[in-house]
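In what follows, a single structure is set out as C-alpha cells and then discussed.
The values are calculated or read from the model by the stated rules, or taken from the named source; none is laboratory data. The shown structure was predicted, so the numbers you read here are calculated from the model rather than taken from an experiment. A quick note on method: Cβ atoms are made from the backbone with ideal geometry, for glycine too, and the neighbour counts reach across all protein chains shown. In case anyone asks, the SASA skips ligands and DNA or RNA and just uses the protein heavy atoms, side chains included. Shrake-Rupley method; radii C 1.70, N 1.55, O 1.52, S 1.80 Å.
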Amino acid sequence: MGFFPAVKRFFGGASAASAEVVSGVEDVPAVAVVREEDAVALTLRLREAEPRLSIWLGIILEGVDTAGDLLNARLLFLLRALQAPEEEAQTFVRDFADWLACMEYRNIEEFSSELQYRLALALDMEDEEDERSRLFVKISEGLARTRETLACRLDVLFAGHGGIDDAFWENLEEIFIMADMGYETALALVERLKERARRAGMTEAGQARDLLCAEVEKIFSMPRRISAVNPPEVVLIVGVNGVGKTTTIGKLAHRARMQGKKVMMAAADTFRAAAMEQLQVWAGRTGALFYAKHAGSEPASVAFEAMEEALRQEVDVLFVDTAGRLQTNVNLMEELTKICQVLGKKHPGAPHRCILVIDATTGQNALSQTKLFKEAVGVDELVLTKLDGTAKGGIAVAVAMQHSLHITFVGLGEKLDDLRPFNGADYARALLGGQEGQGF
Ligand SMILES: Nc1nc2c(ncn2[C@@H]2O[C@H](COP(=O)(O)OP(=O)(O)OP(=O)(O)O)[C@@H](O)[C@H]2O)c(=O)[nH]1
Ligand SMILES: [Mg+2]
C-alpha cells in the first residue's frame, strides 16, 4: 500500500491544485508556492497531458534546475493535483528535501530518477507502462553482453536454418550452454522446446523465437504465495561474500519506507565492524531503525535481541543482515540455521522471507549457492544483483528452472532506486531479443 491510495484518475475535483501558502500542519515548514498564473498554466497543461507519471513530472520540472523552494512547490502542486492527502503530500516533499540535503544532491540530473521512483512507489504507480519501460531499458543494457552471445546467435540460427531437424536442436543447445545456462539446463530447456514444437506442429526454425520466449517466461512464472504475515515481517538476507546483501537491504528498506512502513535493520553480520557501520549508513539514508551489538557478538544473539526490539517497537518490517559466507563452509551455514531458529522462537513464522542474493555476473556457481543455502535456511526467493554490470543473463534461467524459486527483485546499480521488481516476460524479452512490444 502506498502513502496515497492508488491514484490512477487524474484531477478528480475542480480545486485539484491550490496555490495557498502551506500552513496549519505542525512541524512542517512553510513551503514556497507556485504563483497563481503559473498554477493555472500548469493545471491546464497537466490536464491535457497524456496520463503518465514521467510526462507529468516532465511538465512539473520544467524550469527547475536545482533542489530548493521551486522544486518543493512544484512537487506539492503535482501531489495536490493528484489529490494526495495534504499531510502525506507535505511529508513526501519534506522527506525528499531532507534526503537531497543528506545526499548533498543539488542538480536535477542527480536526483530526477530517484524522484520518479519515489513518486511511483508512493502513488502506487510502479506497474504502469512508464516504469516498466524504464526498467526494461536498464535490464537490456545490463544484458547487452549476454544478448551478444545469445540473441545474436539465435537470430542467425532462426533465420538461417530453414526446417527444424536434429542439427537445429543441437545448435540451440550449444547456444544455451554458451549463454551460461549450463549443460543440464540447456538440455532440459531443449527437451521442453521440442515438446512444445511438437504440440504446436512447428516445422520452421523461424517460428522458434516466440516459442522460446514463451517457455522462458513460463520458467519464471511461479505459483502465487501467501504474502500476508503476522507483523513484524522478518526478512533474512543471505548469500556469499560481496554479492550485494547489505546494499539490497538498503534498497528494500527504501521501498518499504516509501510505502509508509516502519522499518528496522539488524546487523547480524558481526564479523567486521565496518559491515555494521555500512548497514547503519543505509539505515540513516532510508530512515530505518537500526539494531547492533559490538563486533564479534554472536550473530544469533543479535538476531534474537533485534527481534525482541522489533516486537517492542512494533515495526512493520525487520531486515536481518548476515555476513557473506561460502556455501561450502559448514560451520557458517549452521550459524544461519541457528539465526532462523532463534527468530522463529521469538516470533512464530519468522523469518517470513529468506532471500538469497545472487550476483548476476557469477556463472554456474550460482546453482551450487542456491542448492546449499536452500538446504541450510529454506530460501524463499532470489534477488539478482549487478544486472547492470556484465551480467550473465542465462544464470537466472538456470537457477529458476532447477530450483523453482521466485526471483522477486533485480539490482540494477548501487543507488537506492536501483532495485526493481523482477518481471519474467520483460526479462525474457531483454535476454532473447525480439521486437519491442511483441508482447509475449
Ligand atoms: N553495479 C552494481 N553494484 C552493486 C549492486 N548491488 C551491490 N553492488 C555493489 O557491490 C558491492 C558489495 O555490496 P555489499 O552490499 O556490501 O555486498 P554484501 O553481500 O553485503 O558483502 P559482504 O557483506 O561483504 O558479504 C558494493 O560496492 C555495492 O555498491 C548492483 O545491483 N549493481
Ligand atoms: Mg554485507
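Points worth noting:
- Of all residues making up segment 226-247, the number that are open to solvent by less than 20 Å² (accessible area, probe 1.4 Å), within 16 Å of ligand 1 (Cβ to nearest atom) and under 18 Å from the mean Cα position of the chain (by Cα): 9
- If you go through segment 298-334 and keep only what is within 16 Å of ligand 1 (Cβ to nearest atom) and surrounded by fewer than 17 Cβ atoms within 10 Å (Cβ to Cβ), you end up with 326, 328, 329.
- Selection count, segment 221-249, where residues are in contact (Cβ under 8 Å) with a residue 24 or more places away in the chain, part of a loop (DSSP other than H, G, I, E, B) and over 15 Å from residue 415 (Cβ atoms): 12
- Among the residues listed as 398, 360, 350, 391, the single one being over 21 Å from the mean Cα position of the chain (by Cα) and crowded, with 16+ Cβ neighbours inside 10 Å: 350
- Candidates 440, 409, 373, filtered to the one that is modelled with pLDDT of 85 or more and outside any helix (DSSP H, G or I): 409
- When 367, 372, 416 are checked against the criterion of being closer than 22 Å to residue 177 by Cα and of a type outside the set (Ser, Thr, Tyr), a single residue qualifies: 367.
- Tally of residues being part of a helix (DSSP H, G or I) and open to solvent by less than 30 Å² (accessible area, probe 1.4 Å) across segment 137-173: 11
- Set side by side, the residues 279, 252 differ, and just one is open to solvent by less than 60 Å² (accessible area, probe 1.4 Å), touching a Phe, Trp or Tyr at 6+ places or on another chain (Cβ under 8 Å), in a helix (DSSP H, G or I) and near ligand 1 (Cβ under 9 Å from one of its atoms), which is 279.
- Residue 381, sole failed condition from (1) within 16 Å of ligand 2 (Cβ to nearest atom); (2) surrounded by fewer than 20 Cβ atoms within 10 Å (Cβ to Cβ); (3) within 26 Å of residue 401 (Cα to Cα): (1)
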